[in-house]
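Read through the structure below, which is laid out as structure tokens, and then see the notes.
Read-outs: derived from the displayed coordinates by stated rules, not from any lab. If you're wondering where the values come from, they're calculated on a predicted model, not measured in any experiment. So basically every Cβ, Gly included, is an ideal-geometry build from the backbone, and we count neighbours across all protein chains shown.
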Amino acid sequence: MKIAILGDTHFGSRNSNSIIQLWQEKFFKDVFWPYIDEHNIKTVIQTGDYFDNRKWINIQTMAFQKKIFVDHIQKRDMTCYGIIGNHDIPLRYSLENNSPGQLLNHEKGMVYYDKTTNLELDGVTFTLMPWLCKDNQEESVDIIRNGGEVLVGHYEIDGMDMHPGAKARAELKPADFKNWKYVISGHYHTHSEKANINYVGTPYQMTWNDAKGKNGFWIMDTTDLSMEYIVNPYTFFHRIYWEDGTDYDISTITNSYVKLIIKKKSDFEIFEKFIDKVNHHDPFDLKIIESFEEYNEDNVGDMIKMVATTDLIGQYIDDVATDNNKEAIKKLMLEIYEDAMRTEEFDTV
Ligand SMILES: [Mn+2]
């Protein structure tokens, strides 16, 4: 039996941004559902963060997800099993009043779990575990360490890629999961794999952080638990480098976010003509970034040690003279920092 594994969908992403919805719809319409039909797949497992906003639902977004996802599940008599992600809950320490429980579970074929549940599919036991929070932490960690066949969750795991170039710091280690045959996780939006753990990644891009990676969905074969990656060919975050010219295929930038980074611009007129051409293709958002090569990290590294904001927070707390538990303070500060980042444009997970 083949099962489609679909990462965090984040319906309503970035304040129900219409450009993101356009590309979400393109993915489902042109990539996902045609594949499902061609291979006669009847089961989807979705890794949480079905909705993007923890506290609000936009009426348009409600109609949108119904039209491009739920209606298709029902029309094909399929079942989508899912778990509650950190974006699906309005509270911090509990999964109570989660959005899929209120907005999806009454729909035929939509089954979202807010408690760890074992599911038998074609002789394989899938353990679907929702987001870990204070209310379920202890019990969940016990289940994780005990192991089993296939675990599906929405985890923070130490050392995994949050997005290209940023490793997660978390209490759970990959070794905590060693007693499972296979682990599938949502939460971090970049696809990465380590040992038996597969962060499946989001099906489409949502922020500039996703511009470097690949996006798509997976097909698991229950006979041998093998996973096949189906790439989503659509990208809508484009970085174009201008070095007195560029080979970039700008025919793909319509309705996209574009950053044009200037490395060398000897002839202003040629550059202006190129900008006209870019605008002719109707990007949604065009930012032109002048490069100041002499100030880059390689050249100033000796004078200024560049560090990530999260490292800076850690260092600052290390330097504070206090008897309080510094690790606990760091964790709290990083949580606040991440929360703040999520309310900004550059939502990471
Ligand atoms: Mn997510």
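Count the net charge of all other residues whose Cβ sits under 15 Å from the Cβ of Gly101, scoring Lys and Arg as +1 and Asp and Glu as -1. Net of charged neighbours comes to -3.
Under the simplified labelling scheme, the Arg92-Val231 pair shows an inter-label distance of 4.2 nm, with each label point 7 Å from Cα along Cα→Cβ. Among Glu272, Glu139, Glu25, the residue with the largest mean-square fluctuation in a Gaussian network model of the chain, with springs joining Cα atoms closer than 10 Å, is Glu272. The range 24-40 and the range 216-252 have their alpha-carbon centroids 16 Å apart. Rounded to 0.05, the FRET efficiency of the Arg76 and Asn179 pair, given R0 = 22 Å and the Cβ-Cβ distance, is 0.05. Computed about its Cα centre, the charge dipole of the chain is approximately 780 debye, with only Lys, Arg, Asp and Glu carrying charge at their Cβ. At what distance in angstrom do the alpha carbon centres of the range 102-138 and the range 168-186 lie from each other? That distance is 18 Å.
Nothing charged except the Cβ atoms of Lys and Arg (+1) and of Asp and Glu (-1): what's the magnitude of the dipole of the range 1-141 about its Cα centre? Round to the nearest 20 debye. Intermediate values should be presented prior to the final figure.
Values: 15 positive and 18 negative charges, 86 e Å.
Using only the charged Cβ atoms, the result is roughly 420 debye.
What percent do you get for the relative contact order of the chain when only Cα pairs under 8 Å and 6+ apart count? Once normalised by length, the contact order is 13 percent. What shape does the range 30-165 take by its C-alpha gyration tensor, where a ≥ b ≥ c are the square roots of the eigenvalues and a/c under 1.5 counts as rounded, a/b above b/c as prolate, and the rest as oblate? Because a/c hits 1.5 or more and a/b fails to exceed b/c, the range 30-165 counts as oblate. Of Asp210, Asp49, Asp249, which has the largest mean-square fluctuation in a 10 Å C-alpha GNM of the chain? Answer for the Gaussian network model of the chain: Asp249.
FRET efficiency for the Phe268 to Tyr316 pair, using the beta carbon distance and R₀ = 35 Å, is estimated at 0.20. In the chain, a dipole from Cβ-located charges (positive for Lys and Arg, negative for Asp and Glu) runs towards its positive end, and of Ala170, Val141, Thr309 it is Val141 whose Cα lies farthest in that direction. DSSP beta bridges fully contained in the chain are about 35 percent antiparallel. Would you work out if the chain is rounded, prolate or oblate? Take a ≥ b ≥ c from the square roots of the eigenvalues of the alpha-carbon gyration tensor; rounded if a/c is under 1.5, else prolate when a/b is larger than b/c, oblate otherwise. Verdict is oblate for the chain. If the chain between Leu332 and Asn255 were fully stretched, how many nm would it gain, using 0.36 nm times the residue separation less the Cα-Cα distance? So the chain would gain 23.9 nm between Leu332 and Asn255.
Other residues lying with their Cβ under 14 Å from the Cβ of Lys273 contribute a combined charge of -3, Lys and Arg counting +1, Asp and Glu -1. Think of the chain as a dipole: +1 on every Lys or Arg Cβ, -1 on every Asp or Glu Cβ, centred on the Cα centre; then among Leu22, His106, Gly85, His106 lies furthest on the positive end.
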